[in-house]
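Encoded as structure tokens, the structure appears first; notes follow it.
The values are calculated or read from the model by the stated rules, or taken from the named source; none is laboratory data. Since the model is a prediction, treat every value here as computed from it, not as a measurement. Every residue, glycine as well, gets a Cβ built from its backbone with ideal geometry; the counts of neighbours run over all protein chains shown.
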Amino acid sequence: MSAFASALVVDDLASSRDWLARATRIAFPGIRIGFAASLAQALAQCQAPPPLALVDLGLPDGSGVQLIEHLHPLGCLCVVATVFDDDAHLFPALHAGAQGYVLKDQSPEALAAMLAGIAAGQPPLSPSIARRLLRHFAPPVAADPAAAGATLTTRESEVLRLIAKGLSVADAAGLLGLSRHTVAGYLKDVYRKLSVGTRAEATLEALRRGLIAP
């Protein structure tokens, strides 16, 4: 069963819409896809917000950030798909509520693999974007975790390091010789201590506080 029943693809270029739709169908077989070529068209389709939206930032009548700001509070998971890889576009989109950021320089199959990871709690991020985030949030000097306001146990730190590297809960459990339930419990405690709600937020907050190395 697909993780999402439907998705909205928002891009003013037909070729990009086709690329995004193909990747989405590979990642989530059977998903229903709606299309919009402008901000106005997208908003008109959002009386009942879709569970997933793939949004270009450069729309002819506005910014995709405006759409993300509208959809995120309604529970829609928004993924940016764009040619822009600079901080001026990346961080406003993330602040608006985007939970993924992918560049239009990869195959539909590569994008599909990133989208499929959503079901396992893995944010879809192009490799260059992930590296940019790591550099941005890396502390200039080593920080004292206790002084930073959160103290993780040794086991919690081990779990966080593995999850931050992109491992699934099951893979981390196998490496640590623990059950999936136990590792999931440690991860829940990490989220609570860092006051975050997603794997991406936990990774970024841990980097910011110096709890893990960039």
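Worth a mention:
- Yes/no for residue 48 being under 15 Å from the mean Cα position of the chain (by Cα) and not in a helix (DSSP H, G or I): no
- Among the residues making up the stretch 157-184, those that are part of a loop (DSSP other than H, G, I, E, B) and at pLDDT 85 or above are 177, 178, 179.
- Check on residue 21, closer than 21 Å to residue 83 by Cβ, free of Cβ contacts under 8 Å to residues at least 24 places away in the same chain and either β-branched (Val, Ile, Thr) or in the same structural domain as residue 90 (by TED's automatic domain parsing) (or both): yes
- Residue within the stretch 193-205 that is outside any loop (DSSP other than H, G, I, E, B), closer than 23 Å to residue 101 by Cβ, modelled with pLDDT under 85 and out of contact with any helix residue (DSSP H, G or I) (no Cβ under 7 Å at 6 or more places or on another chain) present: yes
- Residue in the stretch 149-156 that is under 20 Å from the mean Cα position of the chain (by Cα) and either under 18 Å from residue 118 (Cα atoms) or at pLDDT 80 or above (or both) present: no
- When 63, 38 are checked against the criterion of being within 19 Å of residue 16 (Cα to Cα), at pLDDT below 95 and among the hydroxyl-bearing types (Ser, Thr, Tyr), 63 stands alone in meeting it.
- For the stretch 112-129, filtering for residues that are polar (S, T, N, Q), under 19 Å from residue 84 (Cβ atoms) and outside any helix (DSSP H, G or I) leaves 1.
- Search result, residues across the stretch 51-92 that are among the polar types (S, T, N, Q) and over 16 Å from the mean Cα position of the chain (by Cα): 63, 66
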